[in-house]
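Enquirer: To start, I am sharing the structure in question, which I have written as structure tokens.
The values are calculated or read from the model by the stated rules, or taken from the named source; none is laboratory data. Since the model is a prediction, treat every value here as computed from it, not as a measurement. Here the Cβ positions follow ideal geometry from the backbone for every residue, glycine too, while neighbour counts run over all protein chains shown. We work out accessible area using only protein heavy atoms, side chains counted, and drop any ligands, DNA or RNA first. Shrake-Rupley method; radii C 1.70, N 1.55, O 1.52, S 1.80 Å.
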Amino acid sequence: LIIIATFTQLDFSHYVFGSLNPADDAFLQIKRCVYIPQIPVIFFIAALIGKRFGITTVLIYIILGLTCFPIFALGGGISYIFEYNFGYILAYIPAVCIVSFILKDKVNYWTAAEASFIGILTIHVIGVFYMILMAIIHQDSFSHVTNWIVMQSGLKIIYDFIFGYLAILFSKPIKQVLWLSMG
């Protein structure tokens, strides 16, 4: 599921108030956003199979991406450790722990929102700190890092919360069906 989500792009167009360009007079503009649903899949996995198997799944994904297969968004291989967005991938491990801990065996609207919010916060904070670390290592300009942060953690945080929340809620009936099918 994580690999499929990595190469799945959802295109959204939505309205934004104001303009990022001060020369524009437009009050309401349409903005296009390309969204990759990895974080909701990570939350779905954490809610469905729990902490131990969720961490195992993420570790297998990371190991495969670093050793054998180009399954990360920008390829793969051991040199991927030095990519700016690798911190987000590493952050999946603590996010699985946190989401599965908050949910435990009770998935409801409130715990799903709490798990989604804290899980997203965890992923994006670790991802941003990793980007800053890579900028220091690569000796890049602050504007370059700022562009990466806006691209990875800008408006997409809202989509991460909405789809992560829905993925957690969707895991509950799937889990019940799987338990029923096991007898």
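Enquirer: Is it true that Ile89 is more than 16 Å from Ser171 (Cα to Cα), buried (at least 21 other Cβ atoms within 10 Å of the Cβ), modelled with pLDDT of 90 or more and of a type in the set (A, V, I, L, M)?
Expert: Yes; evaluated as a whole, the condition is true for this residue.
Enquirer: Check Gly50, Gly76 and return the single one that is closer than 20 Å to Ile174 by Cα and without any contact (Cβ under 8 Å) to a residue 60 or more places away in the chain.
Expert: None of the other options fit; the residue is Gly50.
Enquirer: Hey, another quick one. I'd like the full set of residues that are free of Cβ contacts under 8 Å to residues at least 12 places away in the same chain, over 17 Å from Ala95 (Cα atoms) and open to solvent by 50 Å² or more (accessible area, probe 1.4 Å), limited to segment 152-177.
Expert: Scanning segment 152-177 gives Pro173, Gln176, Val177.
Enquirer: Same structure, new question: If Leu64 meets every condition in (1) over 15 Å from the mean Cα position of the chain (by Cα); (2) over 22 Å from Met151 (Cα atoms); (3) surrounded by 18 or more Cβ atoms within 10 Å (Cβ to Cβ) apart from one, which number is that one?
Expert: Going through the list (1) over 15 Å from the mean Cα position of the chain (by Cα); (2) over 22 Å from Met151 (Cα atoms); (3) surrounded by 18 or more Cβ atoms within 10 Å (Cβ to Cβ), Leu64 breaks only (3).
Enquirer: Right, another one. Select from segment 37-92 the residues that are touching a Ser or Thr at 6+ places or on another chain (Cβ under 8 Å) and within 15 Å of Gly164 (Cβ to Cβ) and list them in ascending order.
Expert: Those that are touching a Ser or Thr at 6+ places or on another chain (Cβ under 8 Å) and within 15 Å of Gly164 (Cβ to Cβ): Pro37, Gln38, Phe43, Phe44, Ile45, Ala46, Ala47, Leu48, Gly54, Ala91.
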